[in-house]
Amino acid sequence: MARYTGAVCRLCRREGQKLFLKGERCYSDKCSVGIRGYAPGQHGQGRKKSSEYGLQLRAKQAARRFYGVQENQFHHYFEIAERKQGVTGTNLLRILESRLDNVVYRAGYASSRAEARQLVGHGHFEVNGRRVDIASYLLKAGEVVSVCEKSRQSEKIKAVVEANSAKPVPQWLDVNRDAFSVKVINLPEREQIEAPVDEQLIVELYSK
């Protein structure tokens, strides 16, 4: 399945909540969810009722779109989460949070996960001193992500870091602004994950 390339604000409107896909725009008065808080399309305003399956599907789609993951990869993550010890839903969110592009975004080195994916893909980041250009790379506790030495001179990256300097950083990450780095202290607990997702509905959907 090809990656969605349309207007991402339509995805937020379809899920009926902000998925923070457009960076600063999502926090402004220009956010489409605030202006048109109904699903896109001809029949968007007429959609009211939803079945149990519909609620489960919407929860899964919201999680996929929030983290920018395609269907096959998301299902693969669920299978990994199911095999791990602990709560499957929490395991799934931990896996999604530990993606390199998500950590780059959470640490304030990108304005959105889409921008983080692009920066990672262009080779601007290292993991433990080794350049990694795979956005789906899963980080482990103790690993350090840093901006490559050459990329630290990029005006774009400097501007993003400056704009996000006051942005709160999750407790499970240790950001060093001076060194352009972030260390994964540990994988997050459920209460440390700020995601508009009901993971139990996703588990119910895939368990059918």
Check your understanding: Given the conditions (1) modelled with pLDDT of 95 or more; (2) over 17 Å from the mean Cα position of the chain (by Cα), which single one is not true for ILE134?
Key -> (2)
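How many residues does segment 61-80 hold that are open to solvent by less than 50 Å² (accessible area, probe 1.4 Å) and polar (S, T, N, Q)? First the steps, then the outcome.
Just the residues of segment 61-80 that are open to solvent by less than 50 Å² (accessible area, probe 1.4 Å), to begin with: 61-64, 66-69, 71, 74, 77-78, 80.
The next check asks that each one be polar (S, T, N, Q); those that pass are 61.
Qualifying residue count for the region: 1.
Here is a yes/no grid of residues against (1) charged (D, E, K, R); (2) in contact with a Leu (Cβ under 9 Å, 6 or more places away or on another chain):
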position	(1), (2)
GLU71	yes, no
HIS75	no, no
THR88	no, no
SER98	no, yes
ASP101	yes, yes
VAL104	no, yes
GLU115	yes, no
GLU126	yes, no
ARG130	yes, no
Review point. Looking only at residues in segment 81-97 that are open to solvent by less than 40 Å² (accessible area, probe 1.4 Å) and among the aliphatic types (A, V, I, L, M), which one is nearest to PRO196 (Cα to Cα)?
Key: LEU93
Review point. Can you spot a residue in segment 190-201 that is in contact (Cβ under 8 Å) with a residue 60 or more places away in the chain, in contact with a Pro (Cβ under 7 Å, 6 or more places away or on another chain) and surrounded by 14 or more Cβ atoms within 10 Å (Cβ to Cβ)?
Key: no
Check your understanding: If you take the residues in segment 155-176 that are in a loop (DSSP other than H, G, I, E, B) and surrounded by 15 or more Cβ atoms within 10 Å (Cβ to Cβ), which one is modelled with the lowest pLDDT?
Key -> ASN164
Check your understanding: Does LYS208 satisfy the criteria of being modelled with pLDDT of 95 or more and either in a strand (DSSP E or B) or over 12 Å from LEU100 (Cα atoms) (or both)?
Key -> no
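With the condition kept exactly as written, say whether any residue in segment 45-60 is among the polar types (S, T, N, Q) and either at pLDDT 95 or above or open to solvent by less than 30 Å² (accessible area, probe 1.4 Å) (or both).
Filtering segment 45-60 for residues among the polar types (S, T, N, Q) gives 45, 50-51, 56.
Keeping just the survivors that are either at pLDDT 95 or above or open to solvent by less than 30 Å² (accessible area, probe 1.4 Å) (or both) gives 56.
Yes - at least one qualifying residue is present in segment 45-60.
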Exercise for review: Considering every residue within segment 81-91, establish whether at least one is under 19 Å from TRP172 (Cβ atoms), aliphatic (A, V, I, L, M) and in a helix (DSSP H, G or I).
Suggested key: yes
Exercise for review: Just give me the residues in segment 137-154 being of a type outside the set (Phe, Trp, Tyr) and in a loop (DSSP other than H, G, I, E, B), in sequence order.
Suggested key: LEU139, LYS140, ALA141, GLY142, GLU143, CYS148, GLU149, SER154
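Please determine, by comparing only the residues of segment 134-150 that are in contact with a strand residue (DSSP E or B) (Cβ under 8 Å, 6 or more places away or on another chain) and farther than 17 Å from TRP172 by Cα, which one is most open to solvent (accessible area, probe 1.4 Å).
Restricting to residues being in contact with a strand residue (DSSP E or B) (Cβ under 8 Å, 6 or more places away or on another chain) and farther than 17 Å from TRP172 by Cα, the top hit is TYR137.
The values are calculated or read from the model by the stated rules, or taken from the named source; none is laboratory data. Note that the coordinates shown come from a computational prediction; the quantities given were computed from them, not determined experimentally. All Cβ positions, glycine included, derive from the backbone under ideal geometry; neighbour counts span all protein chains shown. With ligands, DNA and RNA removed, areas are computed over all heavy atoms of the protein, side chains included. Shrake-Rupley method; radii C 1.70, N 1.55, O 1.52, S 1.80 Å.
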